[in-house]
Amino acid sequence: MIERIKQVSRLDQVIVATNTNTTYDPIVELVESIGGADYYGDSENDVLKRVVECLQSNNIDVCVKITGDCALTDPQIINEVLQAYDNAQPDAVYVSDIGDVSVVPAEFDVHEFSAAALRNTSPLTQ
């Protein structure tokens, strides 16, 4: 999955946001072995908090989020989401390949959003 994501040349970096639970150490080792970056959040159950912290820690303005259970994600789909986000500027804060009428299976989910929008939304979920 990470190798396919790294094929998308428009992405500045690939970061795997996991937590400090040692259960995930094999994932961290794999990411490091193929030249990705990792981020360790404190929360195992609050994924939103972990993503917000990761974005802040890495000074990221726009994020492409692909969850680990979407292992079949294709670089072409990622590129299409990136293009849709670009086309919707300056108004877009969120673009995805899923919705009411999705043309791709759930295992291909790609989300792109502004970090500011996620930071503003995060307190509303508490």
Of (1) among the acidic types (Asp, Glu); (2) at pLDDT below 90; (3) farther than 13 Å from VAL110 by Cβ, ASP61 satisfies all except one. Which?
(2)
When only residues in segment 36-62 that are over 16 Å from the mean Cα position of the chain (by Cα) and touching a residue at least 12 places away in the same chain (Cβ under 8 Å) count, which is nearest to ARG4 (Cα to Cα)?
GLU44
Determine whether segment 59-70 contains at least one residue that is more than 23 Å from SER114 (Cβ to Cβ) and either of a type outside the set (Gly, Ala, Ser) or in contact with a Leu (Cβ under 9 Å, 6 or more places away or on another chain) (or both).
yes
Hey, ILE78 hits all of (1) in contact with a Leu (Cβ under 8 Å, 6 or more places away or on another chain); (2) at positive phi but one; which does it fall short on?
(2)
When residues of segment 101-117 are limited to those that are touching a helix residue (DSSP H, G or I) at 6+ places or on another chain (Cβ under 6 Å) and at pLDDT 80 or above, the one surrounded by the fewest Cβ atoms within 10 Å (Cβ to Cβ)
ALA115
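The values are calculated or read from the model by the stated rules, or taken from the named source; none is laboratory data. Given the structure is predicted, the values throughout are model-derived calculations rather than measurements. Counting neighbours? That spans all protein chains shown, and the Cβs are built from the backbone with ideal geometry, glycine included.
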